[in-house]
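The values are calculated or read from the model by the stated rules, or taken from the named source; none is laboratory data. The structure presented is a predicted model; accordingly, all values stated were derived computationally and were not measured. Here Cβ is always computed from backbone atoms with ideal geometry, including for glycine, and neighbour counts include all displayed protein chains.
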Amino acid sequence: MNHPVKKMLLIMVLLLPILFTFGSYGLYSWSLTLDGNGGYYLFFTPLSRLYRWNEERGLNRIVEEGRNLFGELKECRFDRFEPQGEDSGLPTSESGELPEPAGALPEELPPEPLYEGDTLDILVIGDSLANSVGKRLDPLMNAYPDMTCRVEGVISSNLIRLDYYDWLAKGPAFVAEDSPDVVLIFLGANTMQSFYLDGAIAPLFSEKWKTIYKERASTLLSSLKVTGIDVYWMHLPPMQKESYHRNITILDGLIDEICREKGVERLSYSELITDENGSYVSDKVVGDKQILIRSDGIHFTLDGASYISDYLIGLLRERYEMPEAVPTPQETAPAE
């Protein structure tokens, strides 16, 4: 064996620890899209253990922060401010203020808000999609004087591996801490797994699997709704890989059934991130600019998260009949 080959092999051996340390997030996301027991045992099982090992040591957070920082360098910022004074095209007084219209009627008292307190308080819970959207929904929504947002997203969490993260306990606990007006649930993207209970297997989408999943989802929704807050389970977005998208569609239909039984409404942003046929797209023209919405076939870029967040904020403000408001300027800038 000549020296160049030895050097190449040595470089490959040295790179493997780096790949498995900082690439576990992408490898694990890929393993979630695999079908059949072969993919489960050969790839998902070892990669999920590697992912959890890195998660416990904070290495995955470094990767996530790096992705966000890279996205911020090319972020598309949306102009959400209404023109004032001379720029608005409306007449102004010498002081720069808009004049009162002649014969103006006495100002009426504002109607009672459709939520508790002075602000509409939003709690976002779920998996990596909650984090993916929440990285922009949190700062953009909190910039409004009459809205608050808290995001509690846990990568790789679902209603199957409660030993990894127990949403049946954590969901109600977050609600008890903050007493929000609205809960948005982003759960399902990591659910393409079989149940393993007491040494027995419930294969993905078997009748036994569906029964267990419906029981857990119903328990979660009941525990959240018992406080009288509004709960919305977000529709699962289309995925790039065909087999993964097919499974996501089946799961989304099952979640539809559960939500109908529990009286929980679903919200969707799929039209924003699909073509005219409702199919997956990675980029889209927004306004007069083409932006990259999704870079890995699953999660959202900062531009994509801003695009979706802008829509969700408008949807919630309209739904709860909130008056027009301008977000605090400094809060809309990307974090350093």
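Is at least one residue of segment 247-267 in contact with a Phe, Trp or Tyr (Cβ under 7 Å, 6 or more places away or on another chain) and either modelled with pLDDT under 95 or of a type in the set (K, R) (or both)?
Looking for residues that are in contact with a Phe, Trp or Tyr (Cβ under 7 Å, 6 or more places away or on another chain) and either modelled with pLDDT under 95 or of a type in the set (K, R) (or both), one finds at least one in segment 247-267, hence yes.
Out of all the residues in segment 236-248, is one or more within 23 Å of V175 (Cβ to Cβ) and either in contact (Cβ under 8 Å) with a residue 24 or more places away in the chain or surrounded by 13 or more Cβ atoms within 10 Å (Cβ to Cβ) (or both)? Talk me through it step by step, then tell me what you get.
We begin by selecting, within segment 236-248, every residue within 23 Å of V175 (Cβ to Cβ); these are 236.
Remaining after also requiring either in contact (Cβ under 8 Å) with a residue 24 or more places away in the chain or surrounded by 13 or more Cβ atoms within 10 Å (Cβ to Cβ) (or both): 236.
Looking for residues that are within 23 Å of V175 (Cβ to Cβ) and either in contact (Cβ under 8 Å) with a residue 24 or more places away in the chain or surrounded by 13 or more Cβ atoms within 10 Å (Cβ to Cβ) (or both), one finds at least one in segment 236-248, hence yes.
Does any residue of segment 144-153 turn out to be surrounded by fewer than 20 Cβ atoms within 10 Å (Cβ to Cβ), outside any loop (DSSP other than H, G, I, E, B) and among the polar types (S, T, N, Q)?
yes
From the set of residues in segment 156-195 that are among the aromatic types (F, W, Y) and out of contact with any strand residue (DSSP E or B) (no Cβ under 8 Å at 6 or more places or on another chain), which is surrounded by the fewest Cβ atoms within 10 Å (Cβ to Cβ)? Before you say what the answer is, go through the steps one by one.
Kept after step one, since they are among the aromatic types (F, W, Y), are these residues of segment 156-195: 164-165, 167, 174, 186, 195.
Of the ones still in play, those that are also out of contact with any strand residue (DSSP E or B) (no Cβ under 8 Å at 6 or more places or on another chain) are 164-165.
Details: Y164: 14, Y165: 16.
Ranking the candidates gives Y164 first.
Does W233 meet the test of being of a type in the set (F, W, Y) and closer than 26 Å to F174 by Cβ? Quick ask: steps written out before the conclusion?
Values: of a type in the set (F, W, Y): yes; closer than 26 Å to F174 by Cβ: yes.
The answer is yes for W233.
Need pairs with beta-carbon distance below 6 Å; first residue more than 14 Å from D303 (Cβ to Cβ) and within segment 277-292, second surrounded by 10 or more Cβ atoms within 10 Å (Cβ to Cβ) and at pLDDT 90 or above; sequence gap 6+ or separate chains.
Y280/P238; Y280/Q240
Could you pull out every one of the strands (runs of 3 or more DSSP E) wholly within segment 161-217 that has 3 or more residues that are modelled with pLDDT of 95 or more and under 21 Å from I122 (Cα atoms)? Before you say what the answer is, go through the steps one by one.
Numbers: elements: 182-186, 195-197, 200-202.
Answer list for segment 161-217: 182-186.
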